[in-house]
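J.: Have a look at this one.
The values are calculated or read from the model by the stated rules, or taken from the named source; none is laboratory data. Everything numeric in this text was worked out from a predicted model, so none of it was measured. As a convention, Cβ positions derive from the backbone with ideal geometry for all residues, glycine included, and neighbour counts pool all protein chains shown. For accessibility, only protein heavy atoms count, side chains too; no ligands or nucleic acids. Shrake-Rupley method; radii C 1.70, N 1.55, O 1.52, S 1.80 Å.
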Amino acid sequence: MTGDAVTDRGVWFRVDDGGTGSAARRAAERLAGQLGFDEARTADLSIVVAELTSNLVKHAQDGMLLLRPVRAEQEAGVELVAIDSGPGMADVTDSARDGHSTTGTLGIGLGAIVRQASWFDAYSRPGRGTVIAVRVWPGQDPGRAWVDGLTRPLTGETVSGDGCAWRIVDGRRQVLVSDGLGHGPLAAAATDAALAAFRVAPAAPPTEVVAHLHRSMAHTRGAALAVAEPDPETGLLRYAGLGNITGALLTSDGRRGLVSLPGIAGHQRPVIRGYEYPFDAGSLLVMHSDGVVDRWRLDDYPGLAERSPLVVAATVLRDAGTRRDDAGVLVARAWS
């Protein structure tokens, strides 16, 4: 990691020693400065990063930390996601109490993170590892997110060809997952074009949005992508996809796969068709690229469905993401 600005896609750190933890802390402090944090909030963020990375070094296996900006309408904050495959915890709430320790230390790490953070969520199971998500805002916490996602480049690459985005336009809530063909900078450029076109696409059903993305990506190598529009008020989810993007709708009745047609956005003339599915207040939408093996089952993770979309996405990425390809996961739920 250099002194360059951290992009909205963020940067991953493999945290296996104190030196990596120090690099992550310095990067977080630079990002806070770029986002206009004052000295006090930057110090709070530094404590959070130090405790997260210390926990990864002491307790974790395959510890990773994602650092990225997070944006609301009026301001920007810093988001951190710590992922590991370590021994896990039976009760995260109990482990966050000051004085709780599993290694003979003071046991103040998780408690300090909770106190300094604007928002905190976590999921852990004994023997399965832990996911901790934290946001530090310079001011008031904007509140609960209805959707979130994250991506990771394949091993050896610094950029990911996968990307996620979401928007609210004229009352429509829409989400996008894109997987640029191949990997590396050209794949990332294709997905960047998809994300940019999605942000300015007309307020229209997913089929029209996908057609708009296809036309906007003719100068790129192309991408597999899918757009979904969850609408619990009408009880429907509208969906249109091209290529190998997996969409799954999780309800009390089980899991239902969503249909994407063959094709590459930006190439030739694909057939674009929309589908509708039942989507009520208890539904959960999960979308991911083919860098995530479709072997995960939410039933294997008791209580995970009640966690935030970010923690659900990070858990799926940890356990089903492959290191041989870029990987991206998006999760959306009904909102109140």
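J.: Putting +1 on Lys and Arg Cβ atoms and -1 on Asp and Glu Cβ atoms, find which of G235, I168, A190 reaches farthest to the positive end of the dipole of the chain.
T.: Ranked along the dipole, the leading option is A190.
J.: When only alpha-carbon atoms count, how far does the chain stretch along each of its three principal axes, as whole angstroms with the largest first?
T.: The principal-axis extents, from largest down, are 61, 45, 38 Å.
J.: Subtract the Cα-Cα distance of D299 and R256 from 0.36 nm times their separation in residues, and report this length gain in nm to one decimal. Present the calculation step by step, with values, prior to reporting the outcome.
T.: Working: separation 43, 0.36 × 43 = 15.48 nm, distance 1.38 nm.
Length difference between fully extended and current span is 14.1 nm.
J.: Angle check, please: helix 18-34 long axis (alpha carbons) against the longest principal axis of the chain (alpha carbons), in degrees 0 to 90, nearest 10.
T.: 60 degrees
J.: Further, regarding this structure: Highest mean first, what order results for 150-156, 228-234, 303-309 on Cβ atoms within 10 Å?
T.: Details: 150-156: 20.7, 228-234: 18.4, 303-309: 16.1.
Averaged packing, sorted descending, gives the order 150-156, 228-234, 303-309.
J.: Cα convex hull of segment 193-335: how many Å³ per residue?
T.: Values: hull volume 16.0 nm³, N = 143.
Dividing the Cα hull volume of segment 193-335 by its residues yields 112 Å³.
J.: Along the charge dipole of segment 147-333, Cβ charges K/R +1 and D/E -1, which of V177, P309, L258 sits furthest on the positive end?
T.: V177
J.: In the neighborhood of L56, defined by Cβ-to-Cβ distances under 12 Å, what is the net charge if each Lys or Arg adds +1 and each Asp or Glu adds -1?
T.: Working: positive: R14, K58; negative: D16, D17, E51, D62, D84.
Surrounding charge for L56 is -3.
J.: If you roll a 1.4 Å probe over the chain with all protein chains in place, what percent of the accessible area is carbon or sulfur? Don't skip to the answer; put the middle values down first.
T.: Values: 7130 of 14600 Å².
C and S atoms contribute 49 percent here.
J.: Same structure, new question: So for the pair D17, R199, with labels modelled 7 Å out along Cα→Cβ, what separation do we get in nm?
T.: 3.9 nm
J.: Between R26 and A90, what is the spin-label point distance in nm, taking each point 7 Å from the Cα along the Cα→C-beta axis?
T.: Taking the simple label geometry, R26 and A90 are separated by 4.2 nm.
J.: Using 0.36 nm per residue, how much length does the chain from D141 to D38 gain when fully extended, once their Cα-Cα distance is taken away? Each step should come with its number before you reach the end.
T.: Working: separation 103, 0.36 × 103 = 37.08 nm, distance 1.57 nm.
Taking D141 through D38 to full extension adds about 35.5 nm, to one decimal.
J.: Tell me, what is the per residue accessible area of the chain in Å², probe radius 1.4 Å?
T.: Values: 14600 Å² over 336 residues.
Value for the chain: 43 Å² per residue.
J.: Most mobile of G291, G254, G243 per a Gaussian network model of the chain (Cα springs, under 10 Å)?
T.: Highest fluctuation of the listed residues: G254.
J.: Between H219 and T158, what length comes free when the chain is fully extended (0.36 nm per residue of separation minus the Cα-Cα distance, one decimal in nm)?
T.: Values: separation 61, 0.36 × 61 = 21.96 nm, distance 2.26 nm.
Fully extending the segment from H219 to T158 adds 19.7 nm.
J.: Using 5 Å bins from zero, what percent of all Cα-Cα pairs in segment 111-152 falls into each bin?
T.: Per 5 Å bin, starting at zero, the Cα-Cα P(r) for segment 111-152 comes out as 5, 16, 24, 24, 19, 9, 2, 0 percent.
J.: What would the Debye equation give as log₁₀ I(q)/I(0) for segment 106-252 at q = 0.19 Å⁻¹, counting only Cα atoms as equal point scatterers?
T.: Each listed q corresponds, in turn, to -1.16.
J.: Between L186 and T234, what FRET efficiency follows from the Cβ-Cβ distance if R0 is 56 Å, with the result rounded to 0.05?
T.: On the way: r = 39 Å, r/R0 = 0.70.
With a Förster radius of 56 Å, E is 0.90.
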